[in-house]
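To start, the structure under review is shown below, and the notes come after it.
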Amino acid sequence: MENLIALLIAAPLLGAVVLLLGGRRLDAVGHWVGTLLSTASFVVGLVLFAGLLGKDAEHRTWTQHLWSWIPVGDFQADVTLRLDQLSMTFVLLITGVGSLIHLYSIGYMEHDERRRRFFGYLNLFLAAMLLLVLADNYLLLYVGWEGVGLASYLLIGFWQHKPSAATAAKKAFLVNRVGDVGLSIAIMLMFTTFGTFAFGPVLEHAGDASEGRLTAIGLMLLLAACGKSAQVPLQSWLGDAMEGPTPVSALIHAATMVTAGVYLIVRSAAIFNGAPDAQLVVTVVGGVTLLFGAIVGCAKDDIKKALAGSTMSQIGYMVLAAGLGPIGYVFAIMHLVTHGFFKAGLFLGAGSVMHGMNDEVDMRKYGGLRKYMPITFVTFGLGYLAIIGFPGLSGFFSKDKIIEAAFAKGGAEGWILGGVALLGAAITAFYMTRVMLMTFFGEPRWKNQPTKSPEAPSAEPAAEHQGAHGEPHPHESPRTMTIPMIVLAVGSVAGGAFFDVGDRFLHWLEPVTGHSEGHSPLSALTVTGATMVCLVLGVGLAWAQYGRKPVPAHAPRGSVLTRAARRDLYQDDFNHVVLVRGGEHLTRSLVYVDHTLVDGVVNGSAAGFGGLSGRLRRVQNGFARSYAVSMFGGAALLVAATLLMRAV
Amino acid sequence: MSTQLAAYSTSTGEAVQFWILGSVAVIGALCTVLMRRAVHSALCLAGTMIVLAVFYLANGAYFLGVVQIVVYTGAIMMLFLFVVMLVGVTAADSLKETIRGQRWLALLCGLGFGVLLLGGIAHASLTQFNGTGQANAGGNVEGLATLIFTKYVFAFELTGALLITAAIGAMVLTHRERTERAKTQRELAAERVREGKHVPPLPAPGVYARHNAVDIAGLLPDGTPAELSVSRTLRERGQIRDVSAQALGDLKALEQRAEERLERTENTPATFKRTEDAAQ
Amino acid sequence: MNPVNYLYLAALLFTIGATGVLIRRNAIVVFMCVELMLNACNLAFVTFSRMHGNLDGQIIAFFTMVVAAAEVVVGLAIIVSLFRTRHSASVDDASLMKL
Amino acid sequence: MSFPLLTATAALPALGAVATAAVPARQRTAAKWLALLVSLATLALAIVVLVRFDPDGARYQLTESHSWIRDFGVRYELGVDGIAVALIGLTAVLMPFIVLAGWHDADPLETGSRRWRPTQGFFALILAVEAMVIISFEATDVFVFYIFFEAMLIPMYFLIGGFGDRAHSQGEEAASTQRSYAAVKFLLYNLAGGLIMLAAVIGLYVVAGSFSLQEIVQARADGSLTMATSTERWLFLGFFFAFAVKAPLWPLHTWLPNAMQESTAPVAVLITAVVDKVGTFAMLRFCLQLFPEASKWATPVILVLALISIVYGALLAVGQRDIKRLVAYASISHFGFIVMGIFAMTTQGQSGATLYMVNHGISTAALMLVAGFLISRRGSRLIADYGGVQKVAPVLAGTFLIGGLATLSLPGLAPFVSEFLVLVGTFSRYPVIGIIATVGIVLAALYTLVLYQRTMTGPVKPEVSAMPDLRVREVLVVAPLIVLLVFLGVYPKPLTSIVDPAVKQTMSDVQQKDPKPAVEAAK
């Protein structure tokens, strides 16, 4: 049974290799090959899941040792896969959602001549992501970690002829690289601390290490998580990442890759448990990002960017929960899974809308679409209810638990974090309602006007087959696109309840992450009530602003906060001024220094020698007699030398 | 004891001889260096060499002494003199220096070197000193002969080879092969005309009725000497006797006397007088 | 008198000759100075042979003379041909060692 | 006395060089094929060496020893340890690709003159360089090593100065002047280093009375030879200086950008990927083994210099406008890593450094050769002249990207393994330096991706719109390199197993132990 684990990764990897090296002759069937292989991986995952369920909780950790990777002295890195409840959960999420999105992409990318390569990249991503969650040591995890980074680079920049896309891809990779540095330093610290970086021994002996070292490791891991999961201060790339095709945004930048940070933190639970300071920082980062993302989400008119902001904030929830320690780990993962469902569903819905609207992304040019694309409307609506935490839907359970846990943290921290979480819930309700209303309700704002906003992706494939210009004809998307949306909608409706009933999920995950009931100052009921109040507030506010009065087709100037939020709270501008400009100046001056100073010294000395020799050359005046003089002088010196020798 | 003493000193006669001739030699050497004309240097050098020959004899090197006189002073120095004559001593070998600082450097080096050398000799511990008595027992020449033809025979042969090579080399160097045939009178004349200077033949040396030696430049109508009328070698040696001044002086005196004889007034052109005078 | 004086004399003559080589420009005179130096050496050799009481010094002096003769012959030949080509026997005129 | 395998490995390309040079002027193609065959045969011999070499056997194997200059005790001593084997393998592997990549680089522009034969010369010189590099990897006699270490400069000089890059923005004569400037700069820098080293070599002989590496190390080990501290330090500096110039270490690096910029891509690869490795290799073999104490004494300074090279080189790479200069500065940054790993004095660091030499050779070759193909198509080295190539020539762009990813040491490709080992090795002894060095990782990503973005992505420039994709020959050059990169990235064990024992030996020479972890968690 264990030996199947490798198969999980092998299938999509094979797909990637075949599709990327296959050449044109595979264009016809490429997308089916990709989908098939990812589904195969999903099936293998199910089989393994069944196998795990067959065993009792203690023996649900399987490892498969493939080969010894880097054996150098004490530095032993093996290619070993580890399948336990945590990674199992991720495997199912990744392969499941992944397969659905493969299916969706078949329709979505139908008219792109490079569709084969797109599927190749998707498979590559799946393989890397699976490696990330299945790795048995941090170094192997690092490989997956950067692998998904590469895949996301390739996919964000899939339409490379668009400078914006290429830039966004580069930005994403670079920001992630900063995070990766954190991970690599963490690994080095582990090696110097424990002499190994395999999960087993490290997490087992984490307690023996000094708290200082644990804190350092924890902070470095957090840095990595920030990079990958777009947490403040490394969140700036996620918004631009929306340049990629929508399925990519759904799979990578909503459901799976961006949650890798949460996985990392939960996986390293033992380390964080030993480093309360690090945990505090984690919660702070989570809380800040939670609000940051939510506020940004409120102001964006680009539907995908609005969703991106929401993703950021939801991941903020997860990180916050993960930072709470044993009381939060499970709920972090639970929210992660449910979020994977409904956010993927929302993105696919958005993609479907754009598909029907000539790739228009500006919500101010939508409106009243519910009549034209009913399935999209329903699925999107269910996702919406799930994310705002409508009672009974998945978001309700997972988010509620996190808020409870936040309060349960106890003390002032508990109150602050809980308050933040509640506020976040309110804002979430607000911006999601906004999106919903602007897109599907109100009167159509796209009638009799070419809705091709100039900066809209010129080569979104759908653009070719229906007149890119002129009035759009909203229509429901093909079946390959609707089916995944339906499935995901079901998941986002039922997931939470399914997990929560009888704490199934808790018992499933507890052996890995550990769990402890915090003693909350407020009863669970109170918290739920508070959440409901926030929810109603948010929805009501949004209704008041976007539901009652018509939405202006062009964005009003808005308050200071709105304008700031539109510009990602000026975080990008800061980066641009400080890092980009400063960096350019630094490199320019360094080039100058290298040319004038370092090289100049050498050339200068060379010139000096040249002049000296030129001066010496004068002595060679060609007169035999002056040469004779020097000879004679030399003779005299020789005599003197001999005499001196004899004297001493 | 006595032998020791004998070892360290020589007869007073030799001492006297040394001091006299030694100073002569040094003076000769200095003159060799300082004389302006090569001929004089050569002669001084010859003198020095003869002195050295005497010293050889005094040192018991009879053969060498003779060789020195015969070969060096006799042959080599004469060779020098020949060359000096052949080349024509460019008496313009002024002692004024052309290379800046050369002379001072040279003197400095020479002084330093000399001092060092003398100092070195003084410093050297030349203790053992046994005259060439028993060495020359069988006769100096025989002794040398035995050494040359036994111990130094190879070197001797080599020097022979060296001499032959030198002789041939000298011949090769001085011999000049005529590559093109000699020009005929006609060609030379044509060339002269083409060049355009000295179309007529060069003027002849000598002054009418007074001097006819080849080293006396002919006078131009204004009384200045015509360099061209003297052969090139003499010109190069600067051995031109200039008689223009005294020639003019004689002329003036002549006219003086003529006027005194036939009381002539001043205002008569000299030329007429000259012709008239000649007519007499 | 100590015959070392002969050596002093030789040294003196040698120095004079050397200086002459340096300051005179007429090639012939330069050659004469060289001869002077050689003779000085010979004197030294002879003196040495007398000191050591064997004839080797004289032999060396003899060889020196032979070599000197050869050298003079060739040197003078060179001077003659030089004079032929450039109508002067000054060593400075032949400053062709400069490129 | 068995078959002198090592001598043969070095002699084969040497003879090949002579033969290639002797090919008559008309048969240019014949010369090319001959060169290719010779390089392949050398590769075969190198593989034999690899097979015959027993990682767990004696320290130096396949040794040969003949008396050469008896008066100075100079012996013709060859022998390979794991490190040398790895690097010989690298050289032999890269050579055929270099020859193949330079197939048309030396074709005479105007044909006809029957005595002018640049093609033969080009390939002959390349083979000559290979021979000298290989033998300097093999030499265990300091003197023999020195001779070939220096002789290498001659063919390199002609390769740089004689066969410049044809893609030159301003005219041919400007090109030739810059070319000769680069060549002379290369020569002078390395000669200066070499002369100082020569002094040190002589000094070593005076002190130790022998040139034989093994004898000296042995003597120092059993205490029969002791050096005064100052003497040892001076000698060490003499050796190190030469190697620091060769493996450009800041601030002795400025010759590399000029040389790589002016020479053709294959020659540029020859410089960075092969010749410069002799420098770093020699640090590992000679500096550390001959002067352990002095090495330890100098470590802090050298580490700082290496650190500066890493960051400085990367920053300058970001600032370049010329593709080849960019690669050159990237290489300087990488050499910083290598030196850092060597002088971190840990098993991981030194194994990592050795792997780094191999991997950097392969990855730079891949990147630089593809860049060369690109440049030869457009006839310009300026980044600004490109754009949107990816749409016109996808294969070229893809291989270029992979080369770039290798340069930024993406996990899964070979350079990652070595870079991480170097970092870990350094970190475990000098945490601060290790952490600062990680800046190099980010910067590497920056310059690589900026290069890729500016040249390959974006709207297609009219000049490149007609650019043909890679030809079969070029694919044959690049594909194997990429395969190698992936293989060594996923399964570097064959390499590490060869290198490890040698590194452990070196460590014991320097009397260094790896620092122990705080918590003994590893079972």
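Here, each number is a calculation from the coordinates, and none is a lab measurement. Remember, predicted model here, so these are calculated numbers, not experimental data. Virtual Cβ from ideal backbone geometry, glycine too; neighbours counted across all protein chains shown.
One table, with the values for the structure above:
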item: Cα shape, the range B:12-90, gyration tensor, a/c 1.5 rule; result: oblate
item: Cut-off 15 Å between beta-carbons: net charge of the residues surrounding B:Val243, Lys and Arg +1, Asp and Glu -1; result: -2
item: Rounded Å value of the spacing that divides the Cα centres of the range A:129-181 and the range A:582-618; result: 41 Å
item: Neighbour-count order for C:His52, A:His519, D:His360, D:His104, fewest beta carbons within 10 angstrom listed first; result: A:His519, D:His104, C:His52, D:His360
item: Spin-label pair D:Ser224/B:Ile121, simplified geometry with 7 Å Cα→Cβ offset, distance in nm; result: 5.6 nm
item: Partners for A:Lys371 among aspartates and glutamates (Cα-Cα distance below 13 Å; same-chain residues under 8 apart left out); result: A:Glu443, A:Glu476
item: Residue (of D:Phe148, D:Val99, D:Leu198) at the positive-pole extreme of chain D, dipole from beta-carbon charges; result: D:Val99
item: Mean separation of Cα contacts under 8 Å, 6 or more apart, over the residue count of the range B:12-90: relative contact order %; result: 27 percent
item: Across D:Lys32/D:Lys493; D:Lys391/D:Lys493; A:Lys304/A:Lys447; A:Lys300/A:Lys447; A:Lys300/D:Lys324; A:Lys171/A:Lys365, pairs whose alpha-carbon gap is larger than 32 Å; result: D:Lys32/D:Lys493; D:Lys391/D:Lys493; A:Lys300/D:Lys324
item: Ratio of Rg to Rh over the protein assembly as shown (Cα coordinates, Kirkwood Rh, two decimals); result: 1.22
item: Candidates per chymotrypsin sites (Phe, Trp or Tyr not before Pro) in the range D:245-340, loop by DSSP, up to 11 other Cβ within 10 Å; result: none
item: The protein assembly as shown: antiparallel DSSP beta bridges as a percent of all, rounded to 5; result: 95 percent
item: Neighbour-count order for D:Thr29, A:Thr61, fewest beta carbons within 10 angstrom listed first; result: D:Thr29, A:Thr61
item: Those lysines that a straight Cα-Cα span of less than 24 Å connects to D:Lys296, excepting residues fewer than 8 apart in one chain; result: D:Lys246, D:Lys277, D:Lys504, D:Lys513, D:Lys516
item: Rounded, prolate or oblate (a/c below 1.5 giving rounded, otherwise prolate when a/b exceeds b/c) for the range C:1-86 by Cα gyration tensor; result: oblate
item: For the range A:347-397 and the range D:232-268, distance of Cα centres in Å; result: 62 Å
item: Environment charge at D:Pro13 (Cβ cut-off 14 Å; Lys +1, Arg +1, Asp -1, Glu -1); result: -2
item: For the protein assembly as shown, Cys with no neighbouring Cys Cβ under 4.7 Å; result: A:Cys226, A:Cys298, A:Cys534, B:Cys109, C:Cys33, C:Cys41, D:Cys287
item: The range D:289-357: trypsin sites (Lys or Arg not before Pro) falling in loop per DSSP and having at most 16 other Cβ within 10 Å; result: D:Arg321
item: Chain D, relative contact order [Cα under 8 Å, separation at least 6], %; result: 15 percent
item: Net charge of Cβ neighbours under 12 Å - reference B:Leu163; Lys, Arg +1; Asp, Glu -1; result: -2
item: Neighbour-limited loop hits for chymotrypsin sites (Phe, Trp or Tyr not before Pro), the range A:1-110 (at most 14 other Cβ within 10 Å; DSSP other than H, G, I, E, B); result: none
item: Shielding by partners - mean other protein chain Cβ count within 10 Å, residues of D:410-421; result: 5
item: Partner chain coverage, peptide D:254-266 - average Cβ within 10 angstrom; result: 1
item: Burial ordering of A:Asp302, A:Asp503, fewest other beta-carbon atoms within 10 Å first; result: A:Asp503, A:Asp302
item: Dipole moment magnitude, nearest 20 debye, the protein assembly as shown about Cα centre, only Lys, Arg, Asp, Glu C-beta charged; result: 2960 debye
